[in-house]
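Input: a single structure, listed below in structure tokens.
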Amino acid sequence: MTLITTPLIFLTVFTLLLDFMKRRKKWSRYPPGPASLPFIGTMFSIDFHNPHRSFGQLQKKFGNIFSLQNCWTNVVVLNGYKTVKEALVHKSEDFADRPHFPIYEHMGYGKNWIVVARYGHVWKELRRFALSTLRNFGMGKKSLEERVVEEAGFLCSEIKSEEGL
């Protein structure tokens, strides 16, 4: 029994220390937030049926900006109109980014697909190219709207002629 128990206890303590050290490095740059459990994070701090109430309670305790941790993902929560406006309008470049998900690379999209590209020079170039291409095809012009309405009418008449089938 002790041959199994001792390594199991050692492995558990080692894993908990590793988790603590990993979170300690990351959390030093984040705003204050509730204490998190190893591996689980702060998921038990939020009532998922009424998350607005949970966020309201956390706002009273930690202020308009606080951080949460779900598993190993750090999340910063902004509360209040002024705080959100300051973040999205006045400091937009600091908050304009997407998280990196390696699964997109495995699916073949890579890092430079416009939908998942991180904010920066590459994303701006992709956006500029996509918008210019869409404008060339008539996006934002009245003539395109007339064509869409006409095609929608044809589609509706075909559905009616098939009696909805």
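Could you tell me how many of the residues in the stretch 60-76 are under 14 Å from the mean Cα position of the chain (by Cα) and either free of Cβ contacts under 8 Å to residues at least 40 places away in the same chain or in the same structural domain as Y119 (by TED's automatic domain parsing) (or both)?
4
Does N64 meet the test of being at pLDDT 80 or above and exposed (fewer than 14 other Cβ atoms within 10 Å of the Cβ)?
no
Sort out which residues of the stretch 130-161 are basic (K, R) and surrounded by 11 or more Cβ atoms within 10 Å (Cβ to Cβ), and write them in order of number.
Within the stretch 130-161, the first condition is being basic (K, R), and the residues that meet it are 135, 141-142, 147, 160.
Once the filter is applied, which keeps residues that are basic (K, R) and surrounded by 11 or more Cβ atoms within 10 Å (Cβ to Cβ), the stretch 130-161 yields R135, K141, R147.
Of the conditions (1) charged (D, E, K, R); (2) surrounded by 10 or more Cβ atoms within 10 Å (Cβ to Cβ); (3) modelled with pLDDT under 80, R127 satisfies every one except a single condition; which number is it?
(3)
All but one of (1) surrounded by 12 or more Cβ atoms within 10 Å (Cβ to Cβ); (2) of a type in the set (A, V, I, L, M); (3) modelled with pLDDT under 85 hold for V13, so report the exception by its number.
Of the numbered conditions (1) surrounded by 12 or more Cβ atoms within 10 Å (Cβ to Cβ); (2) of a type in the set (A, V, I, L, M); (3) modelled with pLDDT under 85, the odd one out for V13 is (1).
Any residue at all in the stretch 147-165 that is more than 23 Å from D97 (Cα to Cα), of a type in the set (K, R) and part of a loop (DSSP other than H, G, I, E, B)?
The initial filter retains those residues of the stretch 147-165 that are more than 23 Å from D97 (Cα to Cα), namely 147-165.
Next, only the ones that are of a type in the set (K, R) stay: 147, 160.
Now restrict to residues that are part of a loop (DSSP other than H, G, I, E, B): none.
No, every residue in the stretch 147-165 fails to be more than 23 Å from D97 (Cα to Cα), of a type in the set (K, R) and part of a loop (DSSP other than H, G, I, E, B).
Restricting attention to the stretch 78-93, which residues are in contact (Cβ under 8 Å) with a residue 24 or more places away in the chain and touching a strand residue (DSSP E or B) at 6+ places or on another chain (Cβ under 8 Å)? So that I can check it myself, show each step before the final result.
Kept after step one, since they are in contact (Cβ under 8 Å) with a residue 24 or more places away in the chain, are these residues of the stretch 78-93: 79, 93.
Across the stretch 78-93, the qualifying residue is only N79.
For R98, are the conditions met, namely being at pLDDT 85 or above and either exposed (fewer than 12 other Cβ atoms within 10 Å of the Cβ) or among the basic types (K, R) (or both)?
Working: at pLDDT 85 or above: no; either exposed (fewer than 12 other Cβ atoms within 10 Å of the Cβ) or among the basic types (K, R) (or both): yes.
Judged against the criteria, R98 is not a match.
For the stretch 29-73, give me each residue that is among the hydroxyl-bearing types (S, T, Y), more than 20 Å from F95 (Cβ to Cβ) and part of a loop (DSSP other than H, G, I, E, B). Steps first, answer last, please.
Restricting attention to the stretch 29-73, the residues satisfying the condition of being among the hydroxyl-bearing types (S, T, Y) are 30, 36, 42, 45, 54, 67, 73.
Okay, now just the ones that are also more than 20 Å from F95 (Cβ to Cβ), so 36, 42, 45, 54.
Those that are among the hydroxyl-bearing types (S, T, Y), more than 20 Å from F95 (Cβ to Cβ) and part of a loop (DSSP other than H, G, I, E, B): S36, T42.
Here are some conditions: (1) modelled with pLDDT of 80 or more; (2) surrounded by 15 or more Cβ atoms within 10 Å (Cβ to Cβ); (3) in the same structural domain as T15 (by TED's automatic domain parsing). G41 meets all but one. Which one does it not meet?
All conditions are met except number (1).
Taking the stated definitions as given, is E93 over 30 Å from L18 (Cα atoms), surrounded by 10 or more Cβ atoms within 10 Å (Cβ to Cβ) and at pLDDT 75 or above?
Values: over 30 Å from L18 (Cα atoms): yes; surrounded by 10 or more Cβ atoms within 10 Å (Cβ to Cβ): no; at pLDDT 75 or above: yes.
Judged against the criteria, E93 is not a match.
Would the stretch 103-115 turn up any residue that is at pLDDT below 85, in the same structural domain as Y30 (by TED's automatic domain parsing) and under 13 Å from the mean Cα position of the chain (by Cα)?
Looking for residues that are at pLDDT below 85, in the same structural domain as Y30 (by TED's automatic domain parsing) and under 13 Å from the mean Cα position of the chain (by Cα), one finds none in the stretch 103-115, hence no.
The values are calculated or read from the model by the stated rules, or taken from the named source; none is laboratory data. Since this is a predicted model, take the numbers as computed values, not measurements. Quick reminder, even Gly has a Cβ in these numbers, built from the backbone with ideal geometry, and neighbours come from all protein chains shown.
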